[in-house]
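Read-outs throughout are calculated quantities, based only on the coordinates presented, and are distinct from any laboratory measurement. Note that the coordinates shown come from a computational prediction; the quantities given were computed from them, not determined experimentally. Glycine also receives a Cβ, built like all others from the backbone with ideal geometry; neighbour counts cover every protein chain displayed.
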Amino acid sequence: MKQQTEYDVLAAIDLGSNSFHMIIARLRDGHFQVVDKLREMVQLRAGLDKDNRISDDAQERAIACLQRFGERIKDLPTGSVRIVGTNTLRVAKNSQLFLRKARHALGHPIEIVAGEEEARLIYLGVAHALAFDNSNRLVMDIGGGSTEFIIGEGFTGLMRESLEMGCVSFSQRFFGDGKITRTRMKSALIAAGTRLRSIQRPYRNMGWSEAIGASGTIRTVANIVKENDWADDGVITPKSLDKLIDAMITAGDVDGFKLDGLSEERASVLPGGVAVLKASFDRLKIERMTVSDGALREGLLYDLLGRIQHDDERDRTVSAMARRYEVDDVHAKRVMDMATQLFEQISADWQINDDDYLNRLQWAAKLHEVGLAISHEHYHKHSGYLVAHSDFPGFSREEQHALAFMVQRHRRKVSKQDIKELPEELQQSTTRLAVILRLAMVFNRGRTEQTDTFVKLKVTKKGLRLKLPQDWLKKHPLTEADLLQEADCLKAIGVKLKIKDN
C-alpha cells in the first residue's frame, strides 16, 4: 500500500469568490518558508447569473488563471497540494462542470468546503500567522460571497459561523450600477445587520480580547484609514469606517472614488464589503480591528501538514461523533479490523491502494451505527443522514458525501442510481470501499462472533472471489445465507461475488 511520506514543498490554493490565491512553501523544521505567492482577482462571484450559473466569461477567466497556477504545481505529488473552493462554488448550479475543467488545468483534486470548514481553516491560518496565545480572539474574513466569523482560543476555534454576505454579492445587490448614496448604504447596512442578528448575542456573550480581520477587503480598509490618517497604524475603528463611508458617498460612484490606499481593482467591490464590515462592528460591538496576512490558504498549509504528520482533524471529528452517539466501540473496531484485512488483500488490484482510501473505510466502520441513537429500524438510513448533515470539521463536502454514502449503504439494497448521486471522480473508489465494508459487516452481524477466521478475498476477471476454510459455511449457516443474499445485492451494482469453502 502506498504510504504518505514527508514532503519538502507544500502548496495550497484558495478558489475564492473574488480572488484566487496560491501559496507554495518549503517545510523547514516544522515551519513554513514561503517560496511563492500568486493572487489573481478572478471575480468568479460576479459571473453568477440570476439562475446561479457561472457564466462562460467568468469560467474562461478562472481557467486561464488556474492554468498559470497549474504550471507552478504540476510536478508536485498529489499529497502535497490542497485546493479548495468556497462560497461561489458551493452555490453555483454548474460548479461540477467548471470543476472538471479546473481539475484538468491544475492537475490536482479540488475540494469544496462548507462555510464552517472554511471558517475553521481561516482561523487556523490567522492563529499560526500571529502565533496566538490562549486569549479569546475574534477573527473575521469577508469573502466575495460569504463572511466568516470565528472566536477561538490559541489554535482552536470555539465558535464558527459563515454568513451569506460578501463584498461582491453586496456590491452587486446594492451598488450594481456603481452609484453610492446614503440611502443605498443604509439599505446594505440593514441587510447585513439582519444576517448578523443570529450570531450577535452568543458572540458578544463569549467575548474576545482582540478582533482581527483576514481578507482583501479588510486589508484594503486598513490601508485606506492608515494612508488618510483616519486611524493610527491602520487599526480599523468605528469612527474610521464612518469617515470612509462618508468619503464614498461624497464621491457618489465607484469610478469617482479615489483614495490613497485603494487599488483600482478593489474599488468596485469595496462598497459592499465596507457595508458588511460596518454592520459587523455595530452588531458585534467591535471597538478596534487589526489585520493579519494569514488567511484560508495558510490554514490549508497547516491543515495539510497535520494530515502528513498524522494529526488529522478528520480523525478527531469521527471520534467525537462516535462518542456523541454512544457507538459500540468494540463492535465498530471488530468491523473496522476485518474491513482493513479485506482492504489490504484487494486494494492494489482495485486501484484504491492509498492511505486516504483506507482512512475513509475505517471512518465509515467507526460511524456505521450512529443511527442506532435514533432507531434500530432503518438505522443505516439514519446513520447516513447524520453523517451527511452534521458539521464535519476537516472534511470537504465531497468527502462527507462519500462517507455518508458508505455508512448508509453498508447493508440492504444498493443501486447504480445511488452511485450516480456521488461526484463522478468518487464513484468507483467509494463503491469499492462500500463493498468491502458490506462484506466486513456480513461476518460481524452476530456482534459476538470472533473474527480470527481469515477470509481470503481476491479480485478476478469475473469479479470478487471469497474463500473460507474447509466446510466453514456448513458450520455457519446464518452467515452463509447472509453471504448469498449479499452476492445478490452486489449484482445490482455490477459486482460479482463468488463464495467458496472447499
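Descriptive notes on the structure:
- Its Cα gyration tensor gives segment 218-342 an equivalent ellipsoid, and the semi-axes of that ellipsoid, as √(5λ) in whole Å with the largest first, are 49, 16, 13.
- Debye, to nearest 20: dipole size of the chain, +1 on Lys, Arg Cβ, -1 on Asp, Glu Cβ: 1760
- Qualifying lysines (Cα of each under 17 Å from Cα of Lys366; at least 8 residues distant if same chain): Lys333, Lys381
- Qualifying GluC sites (Glu not before Pro) in segment 342-401, where qualification requires a DSSP coil assignment and no more than 10 other C-beta atoms within 10 Å, comprise Glu377.
- Proximal lysine pairs, segment 9-112, alpha carbons under 16 Å, eight or more residues apart or interchain: 4
- With Cα atoms, 0 to 90° folded angle of helix 216-227 axis to the chain main axis: 20
- Segment 421-494: radius of gyration over Cα atoms, expressed as a fraction of 2.2 N^0.38 Å: 1.21
- Derived from the Cα gyration tensor, the three semi-axes of the equivalent ellipsoid of segment 116-295 are 26, 17, 14 Å, largest first.
- Footprinting exposure proxy for Thr250, Thr430 (fewest neighbouring C-beta atoms within 10 Å first): Thr250, Thr430
- A value for Cα extents along the principal axes in Å was derived from the coordinates, and within the list [x] 69, 52, 45; [y] 88, 48, 46; [z] 78, 48, 46 it appears as [y].
- In segment 233-302, the trypsin sites (Lys or Arg not before Pro) that fall in loop regions by DSSP, at most 15 other Cβ within 10 Å: Lys258, Lys285, Arg288
- Positive minus negative residues near Phe257 (Lys, Arg vs Asp, Glu; Cβ under 15 Å): -2
- Whole-Å distance, taken between Cα centres, linking segment 25-79 and segment 375-401: 30
- In segment 369-466, chymotrypsin sites (Phe, Trp or Tyr not before Pro) in a DSSP loop with at most 12 other beta-carbon atoms within 10 Å: Phe454
- Listing Ile142, Ile83 from fewest to most neighbouring C-beta atoms within 10 Å gives Ile83, Ile142.
- Per-selection Kirkwood Rh - segment 9-112 (Cα, Å, 1 d.p.): 13.9
- Here Lys496 is the anchor, and the aspartates and glutamates within straight C-alpha reach of less than 14 Å, apart from those fewer than 8 places off in the same chain, are Glu486, Asp488.
- Here Lys186 is the anchor, and the lysines within straight C-alpha reach of less than 17 Å, apart from those fewer than 8 places off in the same chain, are Lys239, Lys243, Lys278.
- Taking a Cβ cut-off of under 9 Å around Glu161, the surrounding Lys, Arg, Asp and Glu residues balance to a net charge of -1, with basic ones at +1 and acidic ones at -1.
- Taking max minus min of the alpha-carbon positions on each principal axis, segment 312-449 gives extents of 35, 34, 31 Å, largest first.
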